[in-house]
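The structure under discussion appears below in the form of structure tokens.
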Amino acid sequence: MENTSYERRRADALIQTLDAIRATYCDGQHGDPIAAHSGIPSLDEVVRILANLEEIFYPGYRSGNPACSPSLDIFIRRYLDMVYDSLYEQVVRALPFRWKGEYGRAQGIPAIENVEAEAERIVGCFFSRLPAIRELLKKDVIAAYTGDPAAHSYAEVILSYPAIRAITVHRVAHELYRLGVPIIPRMMSEHVHSETGIDIHPGARIGESFFIDHGTGVVIGETTEIGNRVKIYQGVTLGAKSFPLDAHGNPIKAIKRHPTLEDDVIIYAGATILGGDTVIGQGSVIGGNVWITSSVPPHSTVLHDNPKPIVKKPGT
Amino acid sequence: MENTSYERRRADALIQTLDAIRATYCDGQHGDPIAAHSGIPSLDEVVRILANLEEIFYPGYRSGNPACSPSLDIFIRRYLDMVYDSLYEQVVRALPFRWKGEYGRAQGIPAIENVEAEAERIVGCFFSRLPAIRELLKKDVIAAYTGDPAAHSYAEVILSYPAIRAITVHRVAHELYRLGVPIIPRMMSEHVHSETGIDIHPGARIGESFFIDHGTGVVIGETTEIGNRVKIYQGVTLGAKSFPLDAHGNPIKAIKRHPTLEDDVIIYAGATILGGDTVIGQGSVIGGNVWITSSVPPHSTVLHDNPKPIVKKPGT
Amino acid sequence: MENTSYERRRADALIQTLDAIRATYCDGQHGDPIAAHSGIPSLDEVVRILANLEEIFYPGYRSGNPACSPSLDIFIRRYLDMVYDSLYEQVVRALPFRWKGEYGRAQGIPAIENVEAEAERIVGCFFSRLPAIRELLKKDVIAAYTGDPAAHSYAEVILSYPAIRAITVHRVAHELYRLGVPIIPRMMSEHVHSETGIDIHPGARIGESFFIDHGTGVVIGETTEIGNRVKIYQGVTLGAKSFPLDAHGNPIKAIKRHPTLEDDVIIYAGATILGGDTVIGQGSVIGGNVWITSSVPPHSTVLHDNPKPIVKKPGT
């Protein structure tokens, strides 16, 4: 019977599902948390921008394409070219979220008419920062190389260390965050969080020569400030004690919620440091699993007695 | 000498390797844990199904393609279309693992003759659930937005929060788990575990408005039950104390091995909650790093004294 | 005005950026940590090699392509073919890093003239090991299946367990590490670290039938030695207490820095075991969150009192 063929049943199932699911799309209506969008930053495109920026910062390392010196200009220009248009388009899509209260928290930011001009200004500023970012990344590569005695070459560090991927994306995302781009910096940081297990909010201010060893489980909050030559290990949390809220239940943005690490601090695996007033003084060393909620003076060593294990030998 | 050319040596190496490795394929024979398969669920295809479902739930967010209202029907139908055939084929491949004892644990489930009909029934049931899943996801998006005061818009939450990706895949995988599909739900949950560091077994029952902040290292076991409006942080384990086994060394399936969280519970980073009898009462708050193996009454606050750090100031 | 068109402003921005960033490329000069390379191992290609090796070890599981017995030879030969040339090319690119002091730590290894011949020798040795690696992986699959009573079939284990992906890549990377290939083993291990949250250094020596449950946050250091039938859980660290350095600040390579686990050891979630002299005796069980820096005799049970939680009931 033709009516009960797979094709027929399949068509019926699709029509019924479409009819039922159509009602769940409120067509951008106020209060619908998942509006169907005609122009929203694309995750796939943002990931592509990051991959192309990596080719600019580390020419030839990802693709393996020759980036030798006679044609280096051509190589770099090609990637700059791709990033420019793509970033411009994504920023144009993201900017309205600054003031679109219907899609989120009222932010008291007035709408602007010329989104395209503002996007162009931002992309221009971002591009002018690329050389400085690249210089910073060189210091991060050296920091990883000297910070991990098991590293054999800079190339190995660049090609394999998750810390390099995390800090590369962070320095890009932080620049866009400072330029007031909504959504995209967070898409970038969460993409690299997914790849490395290292979760750095784009707002965090991180000094030169930063290194994270292993990295899985690291969390660094939005208002964290980190000095130069800081080194942290896997599972370290730089977090908030609590969120002071205003009368509308929104966080009071001006308040620093996450700690400050001064220059030359080392924090071993699994340590938790909480609070916007907490300052880890210059040159201090924080031991594994330590839990800190107040400041420590410069050049301190902070430990805690890891609980003595109870060993039951056989026959006891 | 032609005999020693790269091409010749290469051909010899390949022939020798092929001869040697051929013996390691036992051709589906009983007891071979890695049988060469002519039809097994494909990881690449299961990942594609998830990506297409994400376009249905969040139209335009991943691809960045316009999903504007005049053509929304066409947009959604296209993805429904792709998912239907693909899911049907993968379920056809997976179903025999229900009773194929030679590939695994005897499960006492009788073989069925018409795998295709059963697969069609399952895909139909799954499709009829899509609108309800989408409504649940809206509540999860709102929960993430209100649960993290740093969130600026629903779009940012959808586009970047790992919790949204994890719960989206979980709600899909859980539906297929309930419909008795073998292997595929676990492939889905492990795929998103790989992307987010959040490991939720497809069997876990999770209420409305669920939020996980940061997420790396979260483990939620198969028989966990979670109420509405629950919020957990990175590194939380909802695990088993031990596995009661039957006479054949298989787990006694009827037994609940993982904890229950009632409505409105909050669990901070790194806490471990173990045991099938352990119930965290409604509205309770569990502090960071706490280790719990028995129930706590509703509206409790559970802390432990994080060990006081020993600060050695310089010169001491 | 034509001068101020988007196209014109875009061209100017690109030229200015190119001029400024050009100065940051020192063209392979000594001391430049990110030299632009004309031939360096490609991350994309190394990832492709791993995917093709997975098809050889687990035919049909990833791609879902039929790998049925009449044409299994053709299936396997195709993937061997692709891996051979690709691995040869990447090893040719990597080998000079053994002695290229200008890109990294002086390693006292003399340069060789015939890089191609050495690469061919290495690829040949590696290929001859493939059947033995495949036999080891079968035991790992069985170990995962028996180690997790919730596993329903070998196929489910192969298709979804992160432990299988991690140990598969480790056994490949370890082989290349032993053959003296620079950089590539670490690229492989960090790639699978990114996918699974499991960080195993290619140098670690791991016995038969190894299983890691859940896995996120596991760290296993370079000189770790692990016996047969060992099982560990998420968040376990097998690490170093300190790095003894030589006069040049390089680690003294001969020294074992990471622990030894004898046969049949089980280590529960979050435990930390440190030090090259630390030996966990055969058959011992290490409890969750335990911190160990010295040896324990065979068949010990090691626990620590997880701090008793302080429960504040409502109204108290």
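For segment C:217-316, take the alpha-carbon Rg, divide it by the Kirkwood Rh, and send me Rg/Rh.
Value, to two decimals: 1.13.
Give me, ordered by chain and number, the residues 5 or more places off C:Lys312 or on other chains with an amide H under 5 Å from its own placed amide H.
Counting only residues 5 or more places away or on other chains, the set is B:Thr301, B:Val302, B:Leu303.
Quick one: work out Rg over Rh on the C-alpha atoms of segment A:155-221, Rh as Kirkwood radius. Each step should come with its number before you reach the end.
Working: Rg = 11.3 Å, Rh = 11.9 Å.
Radius of gyration over Kirkwood radius for segment A:155-221 works out to 0.95.
Calculate how steeply helix C:115-147 sits against the longest principal axis of the alpha-carbon atoms of chain C, using the helix alpha-carbon long axis, and give the answer as 0 to 90 degrees to the nearest 10.
Value to nearest ten degrees: 30.
Counting C-alpha atoms alone, how compact is segment A:135-287: give Rg to one decimal and Dmax as a whole number, in angstrom.
Rg, Dmax (Cα atoms, Å): 15.1, 55.
Calculate the radius of gyration of the Cα atoms of segment B:265-316 to one decimal place, then report Dmax, the largest Cα-Cα distance, as a whole number, both in Å.
15.0, 52
Can you give the FRET efficiency for C:Thr146 and B:Trp99, using 1/(1 + (r/R0)^6), R0 = 25 Å, r = Cβ-Cβ distance, to the nearest 0.05?
0.80
Using a 1.4 angstrom probe on the protein heavy atoms only, could you order B:Glu45, B:Glu208, B:Glu113 from most to least accessible area?
The ranking, largest first, comes out as B:Glu113, B:Glu208, B:Glu45.
For every helix of n ≥ 4 consecutive DSSP H residues, a contribution of -39,500 (n - 2.57) applies; sum these over chain B, divide by its total residues, and give [θ] at 222 nm rounded to the nearest 500 deg cm²/dmol.
Computed mean residue ellipticity for chain B: -13500 deg cm²/dmol.
How well do other chains shield peptide A:47-56, expressed as the mean number of their Cβ atoms within 10 Å of each residue Cβ?
The shielding value for this peptide is 1.
With the alpha-carbon atoms as the only input, what is the per residue convex hull volume for segment C:137-189 in Å³? Present the calculation step by step, with values, prior to reporting the outcome.
Values: hull volume 3.6 nm³, N = 53.
Spread over its residues, the Cα hull of segment C:137-189 gives 67 Å³ apiece.
Rounded to the nearest 10 degrees, what's the angle between the helix B:184-196 long axis and the longest principal axis of chain B, both from Cα atoms, 0 to 90?
60
Just to check I understand the Karplus step: with θ = phi - 60° and J = 6.51 cos²θ - 1.76 cosθ + 1.60, what whole-Hz values come out for segment C:165-171, glycine and proline as x?
Going residue by residue, I get 4, 5, 6, 4, 5, 4, 5 Hz, with x marking Gly and Pro.
If you line up the long axis of helix C:43-57 against the longest principal axis of chain C, both from Cα atoms, how many degrees apart are they, to the nearest 10?
The two axes meet at around 50 degrees.
Any chance you could list the semi-axes, whole Å, largest first, of the equivalent ellipsoid that the Cα gyration tensor gives for segment B:40-198, using √(5λ)?
Working: eigenvalues 187, 68, 31 Å².
Semi-axis lengths for segment B:40-198 are 31, 18, 13 Å.
Put a label point 7 Å from Cα along the Cβ direction on A:Gly207, then list its distances to the equivalent points in the other copies in nm, shortest first.
For A:Gly207, the inter-copy label distances come out at 4.7, 4.7 nm.
What FRET efficiency would be calculated for the residue pair A:Asp85, A:Asn228, taking the C-beta separation as r and a Förster radius of 45 Å, to the nearest 0.05? Each step should come with its number before you reach the end.
Values: r = 35 Å, r/R0 = 0.79.
The formula returns an efficiency of 0.80 here.
If you roll a 1.4 Å probe over chain B with all protein chains in place, what percent of the accessible area is carbon or sulfur?
Details: 6330 of 12070 Å².
Looking at chain B in its full context, I get 52 percent from C and S.
Applying the Karplus parametrisation 6.51 cos²θ - 1.76 cosθ + 1.60 with θ = phi - 60° to the phi angles of segment A:228-236, what ³J(HN,Hα) value in whole Hz is obtained for each residue in order, glycine and proline being reported as x?
Taking θ as phi minus 60°, the curve returns 8, 6, 8, 9, 10, 10, 4, x, 7 Hz for segment A:228-236.
Taking a probe of 1.4 angstrom, what is the accessible area of A:Ile273 in Å², to the nearest 10?
Estimated to the nearest 10 Å², A:Ile273 gives 0 Å².
Report Rg (one decimal) and Dmax (nearest whole number) for chain C, counting Cα atoms only, units Å.
24.1, 84
What does DSSP give for chain A in terms of the percent of beta bridges that are antiparallel, rounded to the nearest 5?
Antiparallel: roughly 5 percent of the beta bridges in chain A.
On a straight-distance basis, which aspartates and glutamates could pair with A:Lys231 in a cross-link, Cα separation under 17 angstrom, same-chain partners fewer than 8 positions away excluded?
A:Asp140, A:Asp148, A:Asp199, A:Glu208, A:Asp213, A:Glu262, A:Asp263, A:Asp264
Total Å² of accessible surface buried at the B-A contact, 1.4 Å probe, nearest 100? It would help to have the intermediate numbers written out before the result.
Working: alone 17760 and 17760 Å², together 29820 Å².
The B and A chains share an interface burying roughly 5700 Å².
Ignoring ligands, DNA and RNA, what accessible area per residue does segment A:40-198 give at 1.4 Å, in Å²? Write out the running numbers ahead of the final one.
Working: 5050 Å² over 159 residues.
Averaged over the residues of segment A:40-198, the accessible area is 32 Å².
How much accessible area per residue does segment B:217-316 have, counting only protein heavy atoms and a probe of 1.4 Å, in square angstrom?
43
Compute the separation of the alpha-carbon centres of segment A:180-231 and segment C:269-316 and state it in Å as a whole number.
Each part's Cα centre sits 31 Å from the other's.
Label-to-label distances across copies for A:Ile15, with labels 7 Å out along Cα→Cβ, in nm, shortest first?
6.2, 6.2
Roughly how big is chain B's charge dipole about its Cα centre, with Cβ charges of +1 (Lys, Arg) and -1 (Asp, Glu), in debye to the nearest 20?
800
At A:Ile112, label 7 Å along Cα→Cβ: distances to the other copies, nm, ascending?
5.9, 5.9
Percent relative contact order of chain C, based on C-alpha pairs within less than 8 angstrom and at least six residues apart?
In percent, rounded to a whole number, it is 9.
Using the structure shown, list the pairs from C:Lys138/C:Lys256; A:Lys312/B:Lys256; A:Lys313/B:Lys241; A:Lys312/C:Lys313; A:Lys308/C:Lys308 with a Cα-Cα distance above 25 Å, or answer none.
C:Lys138/C:Lys256; A:Lys312/B:Lys256; A:Lys312/C:Lys313
Thinking of the protein assembly as shown as a set of Cα atoms, what percent of all their pairs are more than 55 Å apart?
Values: 44937 of 448878 pairs.
Tail of the P(r) past 55 Å holds 10 percent of the pairs.
FRET efficiency for C:Glu113 and C:Ser71, Cβ-Cβ distance as r, R0 = 51 Å, nearest 0.05?
The formula returns an efficiency of 0.75 here.
Over the heavy atoms of B:Val47, what accessible area does a 1.4 Å probe trace out, to the nearest 10 Å²?
About 40 Å², rounded to the nearest 10.
Select from A:Glu156, A:Glu55, A:Glu116 the residue whose mean-square fluctuation is largest in a Gaussian network model of chain A (Cα-Cα springs shorter than 10 Å).
Answer for the Gaussian network model of chain A: A:Glu156.
Among C:Gly235, C:Gly207, C:Gly64, which one shows the biggest mean-square fluctuation in a GNM of chain C, springs joining Cα atoms closer than 10 Å?
Result: C:Gly64 has the largest fluctuation of those listed.
The values are calculated or read from the model by the stated rules, or taken from the named source; none is laboratory data. For clarity, every value in this text was computed on a predicted model and none was experimentally measured. So basically every Cβ, Gly included, is an ideal-geometry build from the backbone, and we count neighbours across all protein chains shown. Ligands, DNA and RNA are stripped out before the accessible areas are found, and what is left, the full protein with its side chains, is counted by its heavy atoms. Shrake-Rupley method; radii C 1.70, N 1.55, O 1.52, S 1.80 Å.
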